[in-house]
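Working notes, beginning with the structure itself.
Please treat every number below as a calculation from the coordinates, not as lab data. The shown structure was predicted, so the numbers you read here are calculated from the model rather than taken from an experiment. Please note: Cβ atoms are built from the backbone with ideal geometry, for glycine as well, and neighbour counts cover all protein chains shown.
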Amino acid sequence: MSQRLRHLTSLENMPSATIERLLDRAVSMRDACAHGTRKLDLLAGRTVLNLFFEPSTRTRTSFELAARRLGADVINFDIGLSSTSKGEALFDTLHTLEAMHLDTIVVRHKISGTPDELVRHAMSGVAVINAGDGNRAHPTQGLLDMLTIREHRPDFRQLKVVICGDVKHSRVARSDVHALRALGAKEIRLCGPAGLMPEASEFPGCTIVENFDEAIEGVDAVIMLRLQKERMASTDLPDEAAYFERFGLDNRRLALAGKGCLVMHPGPLNRGIEIASEVADGPQSRILEQVGNGVFVRMAVLCEVMGR
Ligand code: NCD
């Protein structure tokens, strides 16, 4: 039995047994909820704080729903209305909130490494879950992506995946690659404009393929990424029509992938820029399945870090 996680800040170096255990646990949560019990009381009396310093729709709602379904109390800390916007140091905010007896902090921040800083400063007993830090990690997204893939393609050793788009700025790509490598994926290809590609050394075990028609050939899953303009220098911004032409996913390109290739996207989608509606809403799209799995993965992670 792999060791229980006290915090979840990244999937880097996470053993496959731990990943599999969390995914199995997410499936148990889904089964339990499917049997009519929409609410479990595993975390009754516990308090979860959502501390989001960056905008979020899916991730924040999904953590909130996950915590509530487990019977926990949830506080959504509104940064815009808080003293943090008056210049209070992050750690003062942290200690103030901790004094109110929280059990878990779910944090999203534009600066990479913030969740680990919180782990170092948090009082013992308070768990930290990373909901996305800079371009570094988004571990629960990585896990929900693995769950979505595993349901359709259980043998990762046979799996060929392409991740296409703004890989350089994507924490989702980093967490997906960490998990895919741990689970033994056969081939991981990265594709996108040269200016939005990471250093190859940052993604060991992956192949960079510049031409999307070549990169998508024969794959079992394609993970599309948004152009993360908020993290780009204005000079990096590609022309959107030209971008779709070269890196957009439409039915013609999807036909080059393996049979029944899974179409994935962490959201938010930019239709007509990285993905055509015919694909996003088409029969091979797993995008809403990813969203659904996100709640169960987050329920599993919340129970894990709170020792339930
Ligand atoms: C992603 C994120 O915030 O990193 N979205 C998400 O959590 N579902 C991807 C993105 O913003 O493009």
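Remarks
- Hits among lysines - C-alpha to C-alpha of LYS186 under 19 Å, sequence gap 8 or more where chains match: LYS160, LYS259
- Selected from ARG120, ARG246, ARG150 as most flexible by GNM, with the chain as the system and alpha-carbon contacts under 10 Å: ARG120
- One decimal place: the segment HIS152-ASP250 gains 33.1 nm when fully extended, by the rule 0.36 nm per residue minus the C-alpha distance.
- Left without a cysteine partner by the 4.7 Å Cβ rule in the chain: CYS33, CYS206, CYS261, CYS303.
- Residues ARG231 and ALA99, FRET efficiency given R0 of 41 Å [Cβ-Cβ distance, rounded to 0.05]: 0.75
- Over 26 Å [Cα-Cα, the chain], rounded percent: 45
- Each of ALA17 and ALA89 was given a label point 7 Å from its Cα along the Cα-to-Cβ line. The distance between the two points is 4.1 nm.
- Under-5 Å amide H pairs with ARG271, H placed in peptide plane, nonlocal only: none
- The GluC sites (Glu not before Pro) of the stretch 64-120 that DSSP puts in a loop, and whose beta carbon has at most 14 other beta carbons within 10 Å, are GLU88.
- The stretch 227-308 shape via C-alpha gyration tensor axes, a/c threshold 1.5: oblate
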